[in-house]
Each structure stands twice: as C-alpha cells, then as structure tokens.
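**Student:** My questions all concern the structure below.
Just so it is clear, none of the values below were taken in a lab; they were calculated from the coordinates. Keep in mind that this is a model prediction, so the values were computed, not measured. Positions of Cβ are generated from backbone atoms using ideal geometry, with glycine treated the same way; all protein chains shown enter the neighbour counts.
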C-alpha cells in the first residue's frame, strides 16, 4: 500500500483531518520507517475511511495521540 498516495488524497479531500495527522519521525531506519507507515496507515483508516464529512482537526489529533501511545515507533 502506498501510504504517501493516501496521505495526498487526505490532504486534498479531508484537509481538516490532514492537519491532525501524527508527526513524522526523522530516523530513516528501515524498521522504524515500516512501523511509522503502519501507524500512519492506521490513522488514515480511522479518520478518512469514515462517512463524510470526516473528522475535524481536534478529533483527528485525538486519534493520532491514541495511535502514538499504542504503537510507539522507537
């Protein structure tokens, strides 16, 4: 799954949700990048693959925080 394409669709179709996305890490290590992509994909699954109009920024940030706590990248 190309997470970057989903991210771009989110930016265009659900900008409120896009701005609530979890921050990207800067480790650029293979395993950390994979874990980060899985975490990011879970965020999009829970925030944009929902009935319109989607979540607002605050709700998206709450989901991002919940995912970050449950799936640390380390």
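**Student:** Pull out the extension gain between residue 45 and residue 13, defined as 0.36 nm times the separation in residues minus the alpha carbon to alpha carbon distance; nm, one decimal.
**Tutor:** Here the segment from residue 45 to residue 13 would lengthen by 10.1 nm.
**Student:** Sticking with this one: Return the calculated 222 nm mean residue ellipticity for the chain, to the nearest 500 deg cm²/dmol, obtained by summing -39500 (n - 2.57) across DSSP H runs with n ≥ 4 and dividing by the residue count.
**Tutor:** After summing the helix terms and dividing by the residues of the chain, the value is -19500 deg cm²/dmol.
**Student:** Going 7 Å from the Cα of residue 37 along its beta-carbon direction, which residues of region 1-31 have the amide nitrogen within less than 16 Å of the resulting point?
**Tutor:** So the set is 1-8, 24-31.
**Student:** Now a separate question. To the nearest µm²/s, what D does Stokes-Einstein give for the chain at 20 °C and 1.002 mPa s, using the Kirkwood radius over alpha carbon pairs as Rh?
**Tutor:** 174 µm²/s
**Student:** Can you tell me the 0 to 90 degree angle between the C-alpha axis of helix 30-47 and the longest principal axis of the chain, rounded to 10?
**Tutor:** 20 degrees
**Student:** Any idea what angle helix 57-70 forms with the longest principal axis of the chain, computed on alpha-carbon atoms, 0 to 90 degrees, nearest 10?
**Tutor:** Long axis of 57-70 versus the principal axis of the chain: about 30 degrees.
**Student:** Still on this model: So how tilted is helix 3-13 from the main axis of the chain? Cα-based, degrees 0 to 90, rounded to 10.
**Tutor:** 20 degrees
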